[in-house]
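Read the structure below first, then the notes.
The values are calculated or read from the model by the stated rules, or taken from the named source; none is laboratory data. Since the structure is predicted, the reported quantities are computational estimates derived from the model, not experimental observations. Note that each Cβ is placed from the backbone with ideal geometry, even for glycine, and that neighbours are counted across all protein chains shown.
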Amino acid sequence: METSTATLKNQSKLRIIAEAKDGLEAVQIAQQLQPDLILLDIGLPKLNGIEAARRIREVSPKSKILFVSENRSRDIAEECLRIGAIGYVVKSGAGAELLPALKAALEGRRFLSASLAGRNAVDSSNESNSENFYLQQTAAPTPVEGDVRPHSHDAVFYSDDRMVLDNVTRFIEGALTAESSAIVVATESHRESFLASLQAYGVDLGAAIEQGRYIALDAADTISTFVVDSMLDTARFMDVFGNLIQRARKAAKTSHARVAIFGEVAHILWKRGNAEAAIQDEKLCNRLVEMYDVDMLCGYSLVGVDEGIDSNVVQRIREQHSAAYIV
């Protein structure tokens, strides 16, 4: 990991606090030090990287895990993301991709190497035993004047609530930790789960709610404000969410706030059989992202989805997003 080592040492906001030579040692160090970010390889002695990551998630749940590996298998990368890794970088592209991956990870956003995105799995290369790095963030990443980081409008498709819970928690926690604001428009059960999970991550939700930096709304109630007789009213939609975003931005403790929004509105519309309204919702969300420079994550449950009947709708939904993940 020579390239990774040099890259990390040149980052003033990061410091390497430990290195491990094998998977078992990686788990032990993670438990002891509780680092902000862990870089893992796949092919490790004693305990492979995927199993090490599973154990690390149990003993150091706040640590973000970024895989840096020669393995080019899409299936392996997706498994790493499924078990809770924040990203996966192919070593051959690390020179160009490691810094963006680190930045995304520390902001709570997922990262997948461009060589793996949107294509089928390919044969994997042999792994060499590599060091694993444990990083401590010396200062929370803060948006700066003229920040050109592209905003995101991502979709996460899931078949297990536990997996989307982890993804959304990291997404929201990243915004609140950076002293920005977050908006959640979800079902009651998911809102309650997010509350518990964020508190487990150490987020002071009481303060965030009091400050107006955490706004949680019921998805069905919100839908009723701009959908009438199964028709989505564009003006009402833009007005409802535009006001919410401006309210959240005003409450943020940083002057360059990028509000994070998690929503299940389109998912509920789709499940109600109103696919066209769901697609329209996502198109309008793209307008919101452009107009207000926000980051947006949309959740879609795959439980009960008929691949034959719904595949076209899923594809149309994916086309409205900057990235789509299955967890």
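Values for this structure:
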item	result
Any pair with Cβ under 7 angstrom, 6 or more apart, that starts in region 101-114 at a residue that is farther than 13 Å from ALA85 by Cα and ends at one that is hydroxyl-bearing (Ser, Thr, Tyr)	SER113/TYR88
Residue match in region 70-83 (condition: closer than 22 Å to ALA175 by Cα, part of a strand (DSSP E or B), among the aliphatic types (A, V, I, L, M) and in contact (Cβ under 8 Å) with a residue 24 or more places away in the chain)	no
Residues (modelled with pLDDT under 90, surrounded by fewer than 20 Cβ atoms within 10 Å (Cβ to Cβ) and aliphatic (A, V, I, L, M)) located in region 51-77	ILE76
Meets criteria (over 13 Å from HIS321 (Cα atoms), of a type in the set (Ser, Thr, Tyr) and out of contact with any Cys (no Cβ under 7 Å at 6 or more places or on another chain)) for TYR300	no
1 or more residues under 11 Å from the mean Cα position of the chain (by Cα): qualifying helices (runs of 4 or more DSSP H) within region 146-212	161-177
